[in-house]
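Worksheet for the structure shown next.
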Amino acid sequence: MLACLLFVALSTGAVLALRWVDPPVTSVMLLQPGSVGELYYAWADREAISWDAARAVVASEDQRFAEHHGIDFVSLDRALEAYADGDGLRGASTITQQVAKNVFLWQGRSFVRKGLEAYFALLLELCLTKERILELYLNVAEFGPGVFGVEAAADKYFGSSASALDLKQAALLAAVLPNPHRLLAAQPSEYVRERQAQIVSEVQLLESRGHYRGIHW
């Protein structure tokens with residue numbers, strides 16, 4: 001019991017700290033091969049990240065981001081139904097769950113890790129605003145081998161900053177997020193280009209429906 005209480009206290013404190021502290025490193029970075037110093041990680045405050053970048057990752061990764069509370073049970077049910085119908089099991093992790101995994105946990109599909117991911121996702125939603133969670137995601141997501149954060153990705157792939165990303169560029173970065181070691185922004189395959197075009201269309205459609213009104217960027 002004491003150990004559980006200590007874990008809850010420490011984890012809550014760690015999440016609360018993210019309201020004011022930008023993580024200098026994440027657990028996923030620490031678990032990368034090689035030294036942390038070899039990684040390209042550059043933090044950009046929300047004001048220095050283009051709205052197009054925010055819209056692109058929401059359209060690509062979590063269209064119900066403004067509506068759920070860390071776990072999207074609607075998307076999860078759809079994924080399970082599709083799997084029962086014979087389709088492959090697709091991920092239904094929210095942006096919040098991905099922040100939880102990237103900052104505090106490790107890669108993998110074990111029940112223990114998924115359980116901790118859900119716990120931290122709910123804690124993040126309880127302690128932080130949607131805008132802060134999205135800011136964290138854009139800064140800790142891996143956009144290419146060893147390239148973490150939208151600022152580092154914008155510099156490496158476009159020679160610009162996160163604030164200067166347009167929708168097409170942002171969509172290309174979002175297109176590689178499912179597997180940034182196989183889907184490469186530097187050398188986009190036909191599949192990545194198709195995803196990029198689809199994300200652009202999704203952003204425009206969601207914008208026309210007022211889908212982003214719940215996010216104050």
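Some notes on this structure:
- Dipole magnitude for the stretch 1-73: about 200 debye, using +1 per Lys or Arg Cβ and -1 per Asp or Glu Cβ, origin at the Cα centre.
- Cross-link reach list, lysines versus LYS130, counting only Cα pairs under 17 Å and skipping chain neighbours closer than eight places: LYS101
- Gaussian network model of the chain, springs between alpha carbon atoms under 10 Å - residue of GLN169, GLN187, GLN198 with greatest fluctuation: GLN187
- The helix-only estimate of mean residue ellipticity at 222 nm for the chain, built from DSSP H runs of length n ≥ 4 each weighted as -39500 (n - 2.57), is -17000 deg cm²/dmol after division by the residue total.
- From phi via Karplus (6.51, -1.76, 1.60), per-residue ³J(HN,Hα) for the stretch 182-198 in Hz, x at Gly/Pro: 10, 9, 10, 6, 5, 9, x, 6, 4, 5, 5, 5, 5, 5, 4, 5, 5
- Gaussian network model of the chain, springs between alpha carbon atoms under 10 Å - residue of VAL57, VAL203, VAL112 with greatest fluctuation: VAL112
- The stretch 1-78 - percent of accessible surface contributed by carbon and sulfur, probe 1.4 Å: 64 percent
- Alpha carbon centroid spacing (whole Å) that separates the stretch 145-217 from the stretch 108-138: 21 Å
- Three semi-axes of the equivalent ellipsoid, the chain, Cα gyration tensor, whole Å, largest first: 25, 21, 18
- Coupling constants for the stretch 118-135 follow from the phi torsions by the Karplus curve (6.51 cos²θ - 1.76 cosθ + 1.60, θ = phi - 60°), and in residue order they are 5, 4, 5, 5, 5, 5, 4, 5, 6, 9, 10, 7, 4, 4, 5, 4, 5, 4 Hz; glycine and proline get x.
- The stretch 111-208 - percent of accessible surface contributed by carbon and sulfur, probe 1.4 Å: 55 percent
- For LEU184, distant residues with modelled amide H under 5 Å away: SER189
- Accessible area (Å², per residue) of the chain, counting only protein heavy atoms and a probe of 1.4 Å: 51 Å²
- Dipole moment magnitude, nearest 20 debye, the chain about Cα centre, only Lys, Arg, Asp, Glu C-beta charged: 260 debye
- Gaussian network model of the chain, springs between alpha carbon atoms under 10 Å - residue of PHE158, PHE111, PHE143 with greatest fluctuation: PHE111
- Dipole in debye (nearest 20) - the stretch 114-197, about Cα centre, beta carbon charges: Lys, Arg +1; Asp, Glu -1: 160 debye
- Residues with amide H under 5 Å from that of TYR41, placed H, sequence gap 5 or more: PHE148
- Dipole-positive endmost among GLY144, VAL192, LEU6 within the chain (Cβ charges, Cα centre): LEU6
- With the simple spin-label model, which puts each label point 7 Å out from Cα in the Cβ direction, the SER160 to THR12 separation comes to 4.4 nm.
- Shape category assigned to the stretch 1-52 from the gyration tensor of Cα positions, a/c cut at 1.5: oblate
- In sequence order, the stretch 17-34 has phi-based couplings of 4, 5, 5, 10, 10, 7, x, x, 7, 10, 5, 5, 5, 5, 8, 6, x, x Hz under the Karplus curve 6.51 cos²θ - 1.76 cosθ + 1.60, θ = phi - 60°, and Gly or Pro positions carry x.
- Per-residue surface analysis assigns GLU202 an accessible area of about 50 Å², computed on protein heavy atoms at 1.4 Å probe radius.
- Per-residue SASA remark: PHE7, around 90 Å² accessible (1.4 Å probe; ligands, DNA and RNA not included).
The values are calculated or read from the model by the stated rules, or taken from the named source; none is laboratory data. For clarity, every value in this text was computed on a predicted model and none was experimentally measured. Positions of Cβ are generated from backbone atoms using ideal geometry, with glycine treated the same way; all protein chains shown enter the neighbour counts. For accessibility, only protein heavy atoms count, side chains too; no ligands or nucleic acids. Shrake-Rupley method; radii C 1.70, N 1.55, O 1.52, S 1.80 Å.
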